[in-house]
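Here is the structure we will look at.
The values are calculated or read from the model by the stated rules, or taken from the named source; none is laboratory data. Just so you know, these numbers come straight off a predicted model, no measurement behind them. Here the Cβ positions follow ideal geometry from the backbone for every residue, glycine too, while neighbour counts run over all protein chains shown.
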Amino acid sequence: MLEKTLVLLKPCTFERGLIGEIINRFEKKGLRIAGMKMLQLDDEILAEHYAHLVGKPFFGILKESMMRTPVVAMCLEGVDAISVVRTMTGSTNGRNADPGTIRGDYCMSNQQNIVHASDSPESAQAELNRFFRPEEIFDLGSLNMPRLYALDEV
Ligand code: IDP
Ligand code: MG
């Protein structure tokens, strides 16, 4: 099924000058960019976005690290995009993430781990609504679809 998913390029990626390189990986894979912008996160949006981690001892430093610079938010679209992007992202801890994944190739950290990616259809929907207004996500129609997929895949 054609899906949309949310990716955030974290401040560590911004600071290390890896924004273009990470976007390039998603583009080369064949995911279509349906929305993209820079924004500064704050306490409120991070408490919502990382609600499942609010009680953890590392929550404070996680929040600080996510506010150090603006982030780049992307809406990526493709067949099974949610699981494809999670697979490309790799395990949370960059030290354990498989080589070939983004975290496996670009980081050594459990926290400064380059990207956030939605983990289910429910979270993708909620997270896209959290970071994008409806008019910031574009209808790409059939753009490039015949080259990306066989006729019976879409
Ligand atoms: P995910 O990003 O792979 O989905 P989550 O468990 O949802 O992992 O955690 C969200 C983010 O919180 C991680 O990407 C990482 O930045 C941070 N985080 C998760 N677990 C830890 C930890 O044990 N120590 C420090 N930071 C963590
Ligand atoms: Mg998560």
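Which of (1) surrounded by 19 or more Cβ atoms within 10 Å (Cβ to Cβ); (2) within 19 Å of Gln111 (Cβ to Cβ) is the odd one out, the single condition Ala34 does not satisfy?
Among (1) surrounded by 19 or more Cβ atoms within 10 Å (Cβ to Cβ); (2) within 19 Å of Gln111 (Cβ to Cβ), Ala34 violates only (2).
List pairs: first residue in the range 73-93 and of a type in the set (S, T, N, Q), second residue in a helix (DSSP H, G or I) and modelled with pLDDT of 95 or more anywhere in the structure, Cβ distance under 9 angstrom, at least six positions apart or on different chains.
Once the first residue is of a type in the set (S, T, N, Q) and sits in the range 73-93, its partners that are in a helix (DSSP H, G or I) and modelled with pLDDT of 95 or more give Thr89/Ile102; Thr89/Arg103; Ser91/Arg103; Ser91/Gly104; Thr92/Arg103; Asn93/Arg103.
What are the residues in the range 1-20 that are more than 16 Å from ligand 1 (Cβ to nearest atom) and touching a residue at least 24 places away in the same chain (Cβ under 8 Å), if any?
Correct list: Met1, Leu2, Glu3, Lys4, Ile19.
Could you say which residue among Arg32, Arg68 is in contact with a Pro (Cβ under 7 Å, 6 or more places away or on another chain) and modelled with pLDDT of 95 or more?
Arg68
Hey, among Glu122, Glu64, which residue is within 16 Å of ligand 2 (Cβ to nearest atom) and not hydrophobic (A, V, I, L, M, F, W, C)?
Glu122
From the list Leu148, Leu128, Leu143, exactly one residue is away from ligand 1 (no atom under 12 Å from the Cβ) and within 13 Å of the chain's Cα centre (by Cα). Which is it?
Checking each option against the conditions leaves just Leu128.
List, please: which pairs have Cβ atoms under 8 Å, are six or more places apart or on different chains, and start with a residue in the range 105-116 that is closer than 18 Å to Met74 by Cβ and within 13 Å of ligand 2 (Cβ to nearest atom) and end with one that is assigned to a loop (DSSP other than H, G, I, E, B) and among the polar types (S, T, N, Q)?
That search, which allows pairs on different chains as well, returns Asn113/Thr92; Asn113/Asn93.
Can you find, within the range 81-114, the residue that is surrounded by the fewest Cβ atoms within 10 Å (Cβ to Cβ) among those that are away from ligand 1 (no atom under 12 Å from the Cβ) and among the small types (Gly, Ala, Ser)?
Among those that are away from ligand 1 (no atom under 12 Å from the Cβ) and among the small types (Gly, Ala, Ser), it is Gly100.
Looking at the range 2-57, which of its residues are within 14 Å of Val84 (Cβ to Cβ), among the basic types (Lys, Arg) and not in a strand (DSSP E or B)?
Arg25, Lys28, Lys29
Gly78 versus (1) part of a strand (DSSP E or B); (2) within 16 Å of ligand 2 (Cβ to nearest atom); (3) over 11 Å from the mean Cα position of the chain (by Cα): which is the lone unmet condition?
With respect to (1) part of a strand (DSSP E or B); (2) within 16 Å of ligand 2 (Cβ to nearest atom); (3) over 11 Å from the mean Cα position of the chain (by Cα), Gly78 is out only on (2).
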